[in-house]
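Data first, discussion second: the structure below is written as structure tokens.
The values are calculated or read from the model by the stated rules, or taken from the named source; none is laboratory data. These figures come from a predicted structure and were not determined experimentally. Don't worry about glycine lacking a Cβ; one is built from the backbone with ideal geometry, like all the others, and counts go over all protein chains shown. Remember, those area values only see protein heavy atoms, side chains included, never the ligands or the DNA or RNA. Shrake-Rupley method; radii C 1.70, N 1.55, O 1.52, S 1.80 Å.
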Amino acid sequence: MSRIRKFFTILKMGLKGAWTHRSMGFASIISIFTTLLILALVIVISVSANSVVVDMHTKVDEVEIFISSNATDKEIEDLKKDIENTGNVKDIKYRSSEEALELMKKSWGDNADILEGVDVLPASYVVRLNDINSVDEFVKEFKGYAGVDDINYYQDIVGKVSRIKSIVQTGGLAITLLLLLVSIFIISNTIKLTVYARAKEISVMKHVGATNHMIRGPFIIEGFIFGLIGSLLAYVVAIKGYEYIYENYSQELYNVVSSYMINPSILYDNLRNIFLALGIGMGVVGSTFSMRKYLKV
């Protein structure tokens with residue numbers, strides 16, 4: 001039998017087997033569907049949480065260095081040069097005393113009248129850093145610097161945001177890996193039940209001289225079909241579900257954490273590829289390993 005003819009024979013047997021044993025295959029599809037749907041939930045939560053944390057991170061990357069009232073022009077200029085030379089500065093802006101007072105009045109709103117008696121606020125350099133995690137080293141370098149009166153930055157928030165980001169990334173990865181292991185175990189056992197129910201069919205095929213390749217092939221085709229159906233169903237439900245949540249609750253999330261949910265379009269390609277690879281992979285690999293003992297001579 002030629003290879004092409006053998007391939008189409010195996011394909012035909014696989015398609016026929018998938019239809020004939022669709023009730024057992026339905027169990028595999030549901031297992032793959034459920035597993036991938038849970039995985040989608042973990043991925044979306046991890047990606048969204050990480051996006052929120054990163055967005056918060058960019059909102060607290062400012063360090064304000066207040067200039068002493070008796071600082072000389074040379075000290076002020078030298079301070080700016082040394083700040084720029086640290087290599088960790090995204091941008092630096094000089095804020096005059098007048099600008100500082102106007103900014104404070106705006107932030108106080110209706111209570112700005114209290115500031116009418118305030119004549120002078122210290123001028124400052126507002127510095128945005130490339131790496132906010134090194135803010136402590138940056139502040140330590142300029143504490144007590146000539147011409148520097150004080151340094152203000154979101155020390156507690158920066159520390160908390162950095163820790164949350166680390167927890168989200170590590171926790172998301174750990175949960176995803178754990179879920180994958182559990183998924184493989186569930187799918188493998190589901191397919192084992194399917195193969196066990198057809199043990200007699202496999203035994204008959206071996207007795208009539210069918211090779212292991214000819215016996216295994218149709219089962220792999222079936223695993224491929226069930227994995228494909230399960231992954232596509234999970235993908236559609238996951239995307240449509242997330243689109244609904246995004247359209248109806250993204251603004252509410254922004255009101256709470258000042259950050260929007262990630263756009264669904266970002267998930268389309270990546271989630272589809274992940275689902276197809278895992279769904280088909282679990283179906284094929286599960287079919288292959290689950291019937292090994294039935295192929296032994």
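Cβ-Cβ under 7 Å, sequence separation 6+ or interchain: first residue in segment 88-100 and within 24 Å of ILE132 (Cα to Cα) and open to solvent by less than 30 Å² (accessible area, probe 1.4 Å), partner acidic (Asp, Glu) and part of a strand (DSSP E or B). Which pairs? Every condition considered, no pair remains. When segment 142-172 is filtered for residues that are within 29 Å of the chain's Cα centre (by Cα) and either at pLDDT 75 or above or among the β-branched types (Val, Ile, Thr) (or both), the ones remaining, listed by number, are TYR153, ILE157, VAL158, VAL161, ILE164, ILE167, VAL168, THR170, GLY171. Scanning segment 119-143 for residues that are free of Cβ contacts under 8 Å to residues at least 12 places away in the same chain and not in a helix (DSSP H, G or I), we see that the one that is nearest to GLU64 (Cα to Cα) is LYS143. Within the set ILE38, ILE83, the sole residue that is over 28 Å from LEU177 (Cβ atoms), modelled with pLDDT of 80 or more and surrounded by 13 or more Cβ atoms within 10 Å (Cβ to Cβ) turns out to be ILE83.
I'd like to verify a number: residues in segment 231-259 that are among the aliphatic types (A, V, I, L, M), open to solvent by less than 90 Å² (accessible area, probe 1.4 Å) and modelled with pLDDT under 70, how many? Here the count works out to 2.
Applying the selection to segment 211-226, what residues are charged (D, E, K, R) and open to solvent by 10 Å² or more (accessible area, probe 1.4 Å)? Correct list: ARG216 only.
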